[in-house]
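Colleague: To start, I am sharing the structure in question, which I have written as structure tokens.
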Amino acid sequence: MATVPTTSALPWIRIAEAARHLGETVEIRGWIVHKRSSGKVQFLVVRDGSGIMQCVAGIADVTPAEWETGGRLTQESAVIVRGPLKADARAPGGVELGVRSLELVGGAENYPITPKDHGVDFLTDHRHLWLRSPRQQAILRIRAEIIGAFRDCMQQEGFLLVDAPIFTPAACEGTTTLFETAYFDDKAYLTQSGQLYMEAAAMALGRVYCFGPAFRAEKSKTRRHLIEFWMMEPEWAWATLDDVIALEERLLVYTVGRVLERRAEDLKAVERDTAKLGRVQAPFPRIGYDDAVQMLHDKGMPFEWGSDFGSPDETEISSRYDTPVFVKHYPAAVKAFYMEPHPDDPRLCLSCDCLAPEGYGEIVGGGQRIASLALLERRIDEHGLPHEAFEWYKDLRRYGSVAHSGFGIGVERTLAWIAGLEHVRESIPFPRMLYRLRP
């Protein structure tokens with residue numbers, strides 16, 4: 001049971017700030033990672049989300065009641081420790097706190113995640129607690145850095161954040177992988193993409209992007225798939241396919257560089273080989289779909305022209321490069337109805353996927369959108385989609401249509417690649433998978 005903390009006049013600081021307060025007496029609020037005792041000295045390792053700190057309590061430095069409290073502390077007990085900070089190269093972070101006051105705020109009896117090895121199912125069942133482990137904390141900090149990099153890069157490129165709806169009235173791509181929900185007397189779907197709405201916003205503002213969750217009711221159990229994931233989707237009026245490919249390249253180089261610079265300790269915590277990330281420099285290779293198919297055939301893989309690439313195909317293609325690789329000009333049949341046809345080959349479209357190295361597969365997908373109303377209407381017919389659901393979308397071609405392009409980049413797959421994660425389930429705080437809805 002938690003208690004009300006004692007009021008203190010001491011400054012409450014985060015552990016990450018401790019080096020700036022050497023010689024001061026401060027207050028740290030956190031949770032016990034582990035402890036040990038050597039007779040008349042207790043060593044308490046405390047975490048607060050920003051870092052960990054060793055706190056040393058001598059039997060003469062605290063009251064008998066506090067000494068007894070220190071002796072019965074358990075893993076993940078919530079505590080407040082107060083005392084002076086001093087430099088100590090042997091301590092985590094190079095700073096140690098000499099305990100002068102120890103307060104137990106919330107006990108933690110029989111904490112289920114112990115230092116021993118646990119199975120994936122057990123850890124995922126206890127995801128709400130697994131997040132407290134050093135590796136999972138590091139992953140979440142890298143995730144936050146990637147999201148910050150996405151947003152900052154888009155702002156530097158002159159793109160404005162515009163929010164897209166989560167409820168949509170129609171299956172925008174004619175897919176069956178939609179979550180349907182009641183919407184009063186009507187029905188709606190959870191969004192798979194904000195792209196169509198961003199096309200509308202781009203015709204108003206020129207350069208826009210949305211960032212939010214997307215939902216795919218795919219019955220897939222691969223290490224690359226989630227039911228719910230987060231995606232950033234820029235749309236750019238007047239831009240061609242080559243324009244957005246160059247933008248994707250700048251975005252990825254910026255993001256990887258920023259994570260290397262700002263999250264070095266977290267990359268070390270997840271045991272990432274940063275030398276591989278250091279090779280992510282522009283320009284990235286650009287190959288055509290036909291060239292990629294030939295690579296697979298040369299390797300003896302039974303791939304049929306006109307199909308979309310599966311995970312083994314993407315792995316084989318990307319394994320030849322140290323950087324992400326752009327694969328351009330996919331068959332129109334495997335892409336959405338709104339893709340602009342290739343001017344020299346109507347079987348193909350002005351599309352592009354970006355494949356991450358090391359077998360992580362597609363992390364970005366995009367292309368140039370159809371600008372012609374007549375062609376868009378024909379494509380809607382060919383895909384068997386209801387025209388009435390897209391009247392508003394067709395208005396974008398009726399009133400001042402221009403060439404425009406965009407892409408979507410998934411946070412989780414990008415994070416899995418940058419952090420070197422074995423499974424995408426670790427890339428989001430609370431994963432939603434085919435057989436996973438809790439916690």
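The values are calculated or read from the model by the stated rules, or taken from the named source; none is laboratory data. Keep in mind that what you see is a predicted model, and the values were worked out from it rather than measured. FYI the Cβ positions are ideal-geometry reconstructions off the backbone, even for glycines, and counts take in every protein chain you see. Side chains included, ligands, DNA and RNA excluded: accessible areas come from the protein's heavy atoms. Shrake-Rupley method; radii C 1.70, N 1.55, O 1.52, S 1.80 Å.
Colleague: Could you look at the stretch 99-194 and say what percent of its accessible area is carbon and sulfur, using a 1.4 Å probe and all protein chains?
Modeller: Values: 2760 of 5190 Å².
Carbon and sulfur atoms account for 53 percent of the accessible area of the stretch 99-194.
Colleague: Let me ask something additional. Find the all-direction average of the projected area of the Cα convex hull for the stretch 160-316, expressing the result in square nanometres with one decimal place.
Modeller: Working: hull surface 51.8 nm².
About 12.9 nm², averaged over all directions.
Colleague: Could you check how many percent of all C-alpha pairs in the chain are farther apart than 30 Å?
Modeller: Working: 51314 of 96141 pairs.
The calculated P(r) of the chain puts 53 percent of pairs beyond 30 Å.
Colleague: Taking the Cα centre of the chain as the origin and placing charges on Cβ (Lys, Arg +1; Asp, Glu -1), which of TRP31, ALA65, ALA18 is farthest toward the positive end of the dipole?
Modeller: Of the listed residues, the answer is ALA65.
Colleague: Take the alpha-carbon centre of the stretch 13-77, take the same for the stretch 207-225, and report the distance between them in whole Å.
Modeller: 42
Colleague: With all pairs of different alpha carbon atoms counted, what Kirkwood hydrodynamic radius in Å does the stretch 1-51 show?
Modeller: That comes to 12.8 Å for the stretch 1-51.
Colleague: Would you list, by chain and number, the aspartates and glutamates whose Cα falls below 16 Å from the Cα of LYS221, excluding same-chain residues fewer than 8 positions away?
Modeller: ASP121, GLU412, GLU422, GLU426
Colleague: Is the stretch 60-129 best put as rounded, prolate or oblate by its Cα gyration tensor, with a ≥ b ≥ c the root eigenvalues, rounded for a/c under 1.5, and otherwise prolate when a/b is larger than b/c, oblate when not? Write down the numbers at each step before the final one.
Modeller: Numbers: a/c = 3.09, a/b = 1.65, b/c = 1.87.
Note, shape of the stretch 60-129 comes out oblate.
Colleague: Using a 1.4 angstrom probe with every protein chain in place, what is the largest-first accessible-area order of SER77, SER401? It would help to have the intermediate numbers written out before the result.
Modeller: Values: SER77 5, SER401 40 Å².
From most accessible down to least: SER401, SER77.
Colleague: A further question on this structure: For the stretch 343-357, what does the Karplus curve 6.51 cos²θ - 1.76 cosθ + 1.60, with θ = phi - 60°, yield as ³J(HN,Hα) per residue in whole Hz, taken in order and with x for Gly and Pro?
Modeller: Residue by residue, the stretch 343-357 yields x, 9, 8, x, 5, 9, 9, 7, 10, 7, 10, 10, 9, 6, x Hz.
Colleague: Which of the listed residues, VAL293, PHE303, ILE142, is farthest toward the dipole's positive end in the chain, when Lys, Arg count +1 and Asp, Glu count -1 at the beta-carbon?
Modeller: It is ILE142.
Colleague: So, one more: Please list the non-local residues whose amide H lies under 5 Å from the amide H of LEU160, H modeled 1.01 Å from N, same-chain partners needing a gap of 5 or more.
Modeller: Sorted by chain and number, the residues that satisfy this are ARG207, VAL208, TYR209.
Colleague: Separate question: Report, in listed order, any pair from LYS35/LYS268; LYS40/LYS268; LYS299/LYS335; LYS219/LYS328 with a Cα-Cα distance greater than 32 Å. Don't skip to the answer; put the middle values down first.
Modeller: Details: LYS35/LYS268 24 Å; LYS40/LYS268 35 Å; LYS299/LYS335 25 Å; LYS219/LYS328 27 Å.
Among LYS35/LYS268; LYS40/LYS268; LYS299/LYS335; LYS219/LYS328, the Cα-Cα distance tops 32 Å for LYS40/LYS268.
Colleague: Considering only protein heavy atoms and a 1.4 Å probe, what is the carbon-and-sulfur percentage of the accessible area of the stretch 234-387? Intermediate values should be presented prior to the final figure.
Modeller: Numbers: 3250 of 6690 Å².
Carbon and sulfur: 49 percent of the exposed surface of the stretch 234-387.
Colleague: Okay, moving on. Give me the orientation-averaged projected area of the Cα convex hull of the stretch 26-67, in nm², one decimal. It would help to have the intermediate numbers written out before the result.
Modeller: On the way: hull surface 12.8 nm².
With the hull built on Cα positions only, its mean projection is 3.2 nm².
Colleague: What residue among GLY206, GLY278, GLY384 has the largest mean-square fluctuation in a Gaussian network model of the chain, using Cα springs under 10 Å?
Modeller: With Cα springs under 10 Å in the chain, the top fluctuation among GLY206, GLY278, GLY384 is at GLY384.
Colleague: Still on this model: Given Cβ point charges of +1 (Lys, Arg) and -1 (Asp, Glu) and nothing else, what value in debye, to the nearest 20, does the dipole of the stretch 359-439 about its Cα centre take? Write down the numbers at each step before the final one.
Modeller: Details: 11 positive and 10 negative charges, 30 e Å.
Dipole size: approximately 140 debye.
Colleague: Ignoring ligands, DNA and RNA, what accessible area per residue does the chain give at 1.4 Å, in Å²? Present the calculation step by step, with values, prior to reporting the outcome.
Modeller: Values: 20760 Å² over 439 residues.
Dividing the accessible area of the chain by its residue count gives 47 Å².
Colleague: Which ³J(HN,Hα) values, rounded to whole Hz and listed in residue order, are derived for the stretch 321-334 from phi using the Karplus coefficients 6.51, -1.76 and 1.60 in 6.51 cos²θ - 1.76 cosθ + 1.60 with θ = phi - 60°, glycine and proline given as x?
Modeller: The phi angles translate into 10, 8, 10, x, 10, 8, 10, 10, 6, 6, x, 4, 5, 9 Hz.
Colleague: Need one value: the accessible area of ILE227 in square angstrom, 1.4 angstrom probe, rounded to the nearest 10.
Modeller: Result for ILE227: roughly 20 Å² accessible.
Colleague: Between GLY410, GLY39, GLY158, find the one with the highest GNM mean-square fluctuation for the chain; connect C-alpha pairs within less than 10 Å.
Modeller: So, out of GLY410, GLY39, GLY158, the one fluctuating most is GLY39.
Colleague: Could you work out the helix-only [θ] at 222 nm for the chain, with each DSSP H run of four or more residues adding -39,500 (n - 2.57) and the total divided by the number of residues, to the nearest 500 deg cm²/dmol?
Modeller: Values: 13 runs with 130 residues, N = 439.
Roughly -8500 deg cm²/dmol at 222 nm, from the helical runs in the chain.
Colleague: Order SER220, SER427, SER372, most accessible first, counting only protein heavy atoms with a 1.4 angstrom probe. Could you put the intermediate results ahead of the total?
Modeller: Working: SER220 30, SER427 0, SER372 50 Å².
If we order SER220, SER427, SER372 from most to least accessible, we get SER372, SER220, SER427.
Colleague: Next up: I want to verify the translational diffusion coefficient of the stretch 152-234 in µm²/s; compute it with Stokes-Einstein, Rh as the Kirkwood radius over Cα pairs, at 10 °C and 1.306 mPa s.
Modeller: Working: Rh = 13.9 Å.
In µm²/s, the coefficient rounds to 114.
Colleague: Given +1 on the Cβ of Lys and Arg, -1 on the Cβ of Asp and Glu, and no further charges, what dipole in debye does the chain carry about its Cα centre, rounded to the nearest 20? Walk me through the numbers on the way to the answer.
Modeller: Numbers: 51 positive and 61 negative charges, 337 e Å.
For this selection, approximately 1620 debye.
Colleague: Roughly speaking, to the nearest percent, how much of the stretch 13-80's 1.4 Å accessible area is carbon and sulfur? All intermediate terms of the calculation are to be shown ahead of the outcome.
Modeller: Values: 1780 of 3170 Å².
On the stretch 13-80, the fraction of accessible area on carbon and sulfur atoms equals 56 percent.
Colleague: Which ³J(HN,Hα) values, rounded to whole Hz and listed in residue order, are derived for the stretch 215-232 from phi using the Karplus coefficients 6.51, -1.76 and 1.60 in 6.51 cos²θ - 1.76 cosθ + 1.60 with θ = phi - 60°, glycine and proline given as x?
Modeller: Taking θ as phi minus 60°, the curve returns 10, 10, 7, 8, 8, 10, 10, 6, 6, 9, 10, 10, 6, 10, 8, 10, 9, 9 Hz for the stretch 215-232.
Colleague: With Cβ to Cβ distances under 10 Å as the rule, what net charge do the other residues near PRO134 carry (K, R +1; D, E -1)? Can you show the working numbers first?
Modeller: Numbers: positive: ARG47, ARG132, ARG135; negative: ASP266.
Overall, the nearby charge balance is +2.
Colleague: A further question on this structure: Could you bin all the Cα-Cα distances of the stretch 190-272 into 5 Å bins starting at 0 and give me the percent of pairs in each, rounded to whole numbers?
Modeller: 3, 12, 14, 15, 18, 17, 13, 5, 1, 0
Colleague: Would you please give the residues with an amide H less than 5 Å from that of CYS349, counting only those at least 5 places away or on a separate chain, with H modeled from the backbone geometry?
Modeller: Answer set, sorted by chain and number: TYR330, ALA332, HIS342.
Colleague: Continuing with this model, one more query. Rolling a 1.4 angstrom probe over the protein chains, ignoring ligands and nucleic acids, what is the accessible area of HIS225 in square angstrom, nearest 10?
Modeller: For HIS225, solvent-accessible area is about 50 Å².
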